[in-house]
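Here the structure is laid out as structure tokens; the discussion comes afterwards.
The values are calculated or read from the model by the stated rules, or taken from the named source; none is laboratory data. What you see is a predicted model, and the numbers here were worked out from it, not measured in a lab. Glycine gets a Cβ as well: all are built from the backbone with ideal geometry, and neighbour counts include every protein chain shown.
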Ligand code: NGQ
Ligand code: ZN
């Protein structure tokens with residue numbers, strides 16, 4: 001057992017200063033108290049809080065971040081970005097995936113994310129053939145998460161067709177073209193081969209209603225639930241207006257409307273984006289208890305639309321954040337973006353808050369933490385007995401934070417300092433970031449550079 005002394009601990013239920021967090025050898029919190037124990041393993045000064053869960057990641061896209069920001073304006077869209085992304089995918093070998101993901105996860109940890117849902121669809125070799133080990137690419141993601149020490153929910157993706165009424169995938173989608181049997185087989189082999197680790201969980205991801213038919217969707221979810229009844233299910237939904245139009249043209253229903261009408265959506269579902277949603281659709285999502293993964297910097301980068309953050313707050317709907325395409329790897333900045341888009345739209349200030357919760361940062365961090373456990377299928381996002389011992393400590397000497405107290409520190413982290421103020425990060429009771437640097441930073445960064453040299 002280890003005991004961490006935190007000079008100040010913030011949890012959504014309040015402040016504790018000091019706090020003593022005891023952690024079992026399995027990385028799970030045993031107790032949190034203000035009573036000093038006989039022995040302390042390690043002391044951390046500064047505001048500590050549970051690490052932020054990252055609900056949505058396509059790790060390989062980190063390596064192309066910043067390379068899609070030129071064009072001819074009127075022609076550029078989500079869909080032309082996707083063409084560039086598909087061409088980039090063609091160059092990636094298994095060792096590149098491992099190096100890119102490991103470095104990305106280092107960056108996530110240094111910025112304050114301690115767990116991630118990897119929405120993983122790059123299954124096949126560059127010709128589109130299944131690898132000798134069909135789980136080859138999945139195992140590279142698992143290895144990357146282990147090298148970096150981040151908690152992982154790995155979601156093998158089903159991508160079965162190129163559009164709502166398309167018979168099959170396009171040649172450019174050959175590396176992720178899959179059927180229900182392939183994805184279920186992958187899920188089952190990962191689920192059964194992985195030794196029981198508190199750091200890893202598996203789920204399934206029907207890519208979108210565009211890429212998966214309703215019968216395929218049901219077969220995947222039912223098949224996965226037969227193996228693990230509480231399996232997390234993630235799906236992209238209603239990100240682009242064209243997707244809404246195509247859905248209406250194909251079935252007369254909007255994507256979320258169609259999903260709720262035909263799929264047994266429950267609290268184990270995570271709906272990624274849900275950008276274009278009506279009030280009844282939002283009511284339906286909230287009634288089912290599903291979580292929404294908002295990815296505001298990617299949604300801005302791809303021209304998706306403003307996230308329905310105020311609508312979710314008003315309904316007490318569950319939502320968290322994801323870094324998705326990784327143009328930005330910083331939870332503070334994702335949360336800041338959620339608020340800033342609303343300020344620009346409404347020409348007001350301090351909108352993601354209320355009389356009961358006046359701090360915007362505190363309001364948004366609370367939601368992002370609460371979304372972690374249901375969406376990731378792991379006990380994360382809290383520091384209470386039974387939770388994973390995943391926490392971050394903000395630097396009390398960072399100029400934007402110093403001489404500030406309590407909620408002012410949270411607001412200064414989210415709106416001013418961002419990842420530069422994240423000093424120490426502990427995952428499952430192990431310190432993986434100290435003094436702002438990941439403990440394996442140099443080694444994993446040089447592997448990333450070597451991979452980039454080959455793929456760019
Ligand atoms: C993805 N990205 O799965 O990476 C997608 C593009 C697709 C976003 N939706 C691929 N942001 O939609 O088919
Ligand atoms: Zn995505």
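A few remarks follow.
- Residue match in region 14-32 (condition: exposed (fewer than 14 other Cβ atoms within 10 Å of the Cβ) and within 30 Å of residue 397 (Cα to Cα)): yes
- For residue 206, the stated conditions do not hold, so it cannot be described as within 16 Å of ligand 2 (Cβ to nearest atom) and farther than 30 Å from residue 127 by Cβ.
- Evaluation of residue 196 against (1) in contact with a helix residue (DSSP H, G or I) (Cβ under 8 Å, 6 or more places away or on another chain); (2) not in a helix (DSSP H, G or I) (one fails), failing number: (1)
- In region 287-310, the residues that are on the phi > 0 side of the Ramachandran plot reach residues that are more than 13 Å from ligand 2 (Cβ to nearest atom) with C-beta atoms within less than 8 angstrom, at least six apart or across chains, in these pairs: 289/266; 289/267; 289/318; 289/374; 303/77; 305/241; 305/276.
- Answer residue from region 228-246, given it is surrounded by 24 or more Cβ atoms within 10 Å (Cβ to Cβ) and not in a loop (DSSP other than H, G, I, E, B) and is nearest to ligand 1 (Cβ to nearest atom) among those: 236
- All positions within region 33-59 that are more than 16 Å from ligand 1 (Cβ to nearest atom) and under 21 Å from residue 376 (Cβ atoms): 48, 49, 50, 51, 52, 53
- Every residue from region 96-136 that is at positive phi and under 16 Å from the mean Cα position of the chain (by Cα): 112
- Within the set 160, 166, the sole residue that is over 20 Å from residue 91 (Cα atoms), over 17 Å from the mean Cα position of the chain (by Cα) and crowded, with 23+ Cβ neighbours inside 10 Å turns out to be 160.
- Residue 260 meets all of the listed conditions (1) out of contact with any strand residue (DSSP E or B) (no Cβ under 6 Å at 6 or more places or on another chain); (2) within 14 Å of ligand 1 (Cβ to nearest atom) but one, namely (2).
- Meets criteria (within 16 Å of ligand 2 (Cβ to nearest atom) and over 21 Å from residue 120 (Cβ atoms)) for residue 238: yes
- Some residue of region 170-185 being buried (at least 18 other Cβ atoms within 10 Å of the Cβ), within 15 Å of ligand 2 (Cβ to nearest atom) and closer than 30 Å to residue 253 by Cα: yes
- Scanning region 302-321 for residues that are part of a loop (DSSP other than H, G, I, E, B) and away from ligand 1 (no atom under 16 Å from the Cβ) gives 308, 315, 316, 317.
- Among residues of region 162-174 that are closer than 15 Å to residue 130 by Cα, those with a beta-carbon under 6 Å from a residue that is in a loop (DSSP other than H, G, I, E, B) and at pLDDT 95 or above at least six positions away or on a different chain give the pairs 174/128.
- Residue match in region 279-292 (condition: in a loop (DSSP other than H, G, I, E, B), within 21 Å of residue 115 (Cβ to Cβ) and within 16 Å of ligand 1 (Cβ to nearest atom)): no
- Residue list for region 302-334, filter: out of contact with any strand residue (DSSP E or B) (no Cβ under 7 Å at 6 or more places or on another chain), more than 16 Å from ligand 2 (Cβ to nearest atom) and within 25 Å of residue 77 (Cα to Cα): 306, 308, 330, 333
- Single unsatisfied condition, residue 152 versus (1) closer than 30 Å to residue 29 by Cβ; (2) in contact (Cβ under 8 Å) with a residue 40 or more places away in the chain; (3) assigned to a helix (DSSP H, G or I): (3)
- Among the candidates 69, 93, residue that is within 16 Å of ligand 1 (Cβ to nearest atom) and either surrounded by fewer than 18 Cβ atoms within 10 Å (Cβ to Cβ) or at positive phi (or both): 69
- Test: residue 272 is touching a residue at least 12 places away in the same chain (Cβ under 8 Å), buried (at least 21 other Cβ atoms within 10 Å of the Cβ) and either part of a loop (DSSP other than H, G, I, E, B) or within 15 Å of ligand 2 (Cβ to nearest atom) (or both): yes
- Single condition residue 229 does not satisfy, out of (1) touching a residue at least 12 places away in the same chain (Cβ under 8 Å); (2) out of contact with any strand residue (DSSP E or B) (no Cβ under 9 Å at 6 or more places or on another chain); (3) within 21 Å of residue 259 (Cβ to Cβ): (1)
- Taking the criterion of being under 17 Å from residue 223 (Cβ atoms) and either within 22 Å of the chain's Cα centre (by Cα) or buried (at least 17 other Cβ atoms within 10 Å of the Cβ) (or both), the residues of region 190-203 that qualify are 190, 191, 202, 203.
- Test for residue 299: is it within 16 Å of ligand 2 (Cβ to nearest atom) and in a helix (DSSP H, G or I): yes
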